[in-house]
Amino acid sequence: MSYLALLMSLEGISYLSNDEKTSPFNIDRLTALFRQCREVEESIHLSTYLLAYEELNNVKTMLDYEKGLGMLEDPNSCANNGSRTLLRLHRALLFVVRFIESVRQSTSDNIIPLAKAAYDCTLANYHSWIIRRAVHLALYTLPTRRELLRHLLGNEDANNAEQYLDALMLECNTVYDAVEKLYSERKLLQLP
């Protein structure tokens, strides 16, 4: 029994194990899980709600599940699915990584050029000309480096900024590299 199943049993929520699934998609199971996730009228029991999407419980299974169903084959498809959505977030993470890296290395209080350079080498590759211009304009609303670090770190002094940003960059790069590898192995990096 998984840890989540144990927790759910303690909370009085039934859990259907993999043995109880009769097909990759079990509508009865999905219906039961959605019914059980409603604790009260305006509240949702999150662990049960998430079980309804068990096929998508990690990036690898989501990619394999959607690819196996043929959801990713048509390059002109506008279908919304987890793989395409996650790829967009994955690309955005690269922007965040590049931006934070440059903020960490810079001593200038003006971070607009840093954000512009990070955007231009990452997300701009996927945006139309008009979107790129709008983003460049929006960058002028960014705070100064000092204000950004205060927002990120609270009242921590600038001497600790390097330590926190280094730790953040290590974790972000690790996640980015793992997701990049999963998409690359499945030849899915060019999903629209």
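What follows is calculated from the coordinates using simple rules that are stated; it is not laboratory data. Treat the numbers as computed from the prediction; the structure is a model and nothing was measured. Note: ideal-geometry Cβ built from the backbone for every residue, glycine included; neighbour counts use all protein chains shown.
Order by neighbour count: His151, His136, fewest other Cβ atoms within 10 Å first, most last.
Numbers: His151 9, His136 15.
Fewest-to-most ranking of His151, His136: His151, His136.
Whole Å is fine, so just give me how far the alpha carbon centre of region 130-151 lies from that of region 157-188. What the calculation gives is 21 Å, centre to centre.
At full extension, Met169 and Arg133 could sit 10.2 nm farther apart than now, given 0.36 nm per residue minus the alpha carbon distance. Applying the Karplus relation 6.51 cos²θ - 1.76 cosθ + 1.60 with θ = phi - 60° to region 126-135 yields 3J(HN,Hα) values of 10, 10, 6, 4, 5, 5, 4, 5, 5, 5 Hz, where x marks Gly and Pro. Measuring nothing but alpha carbons in region 72-192 and taking Rh as the Kirkwood radius, the Rg to Rh ratio lands at 1.03. Neighbour counting of Cβ atoms within 10 Å sorts the residues Ile130, Ile100, Ile112, fewest neighbours leading, into Ile130, Ile112, Ile100.
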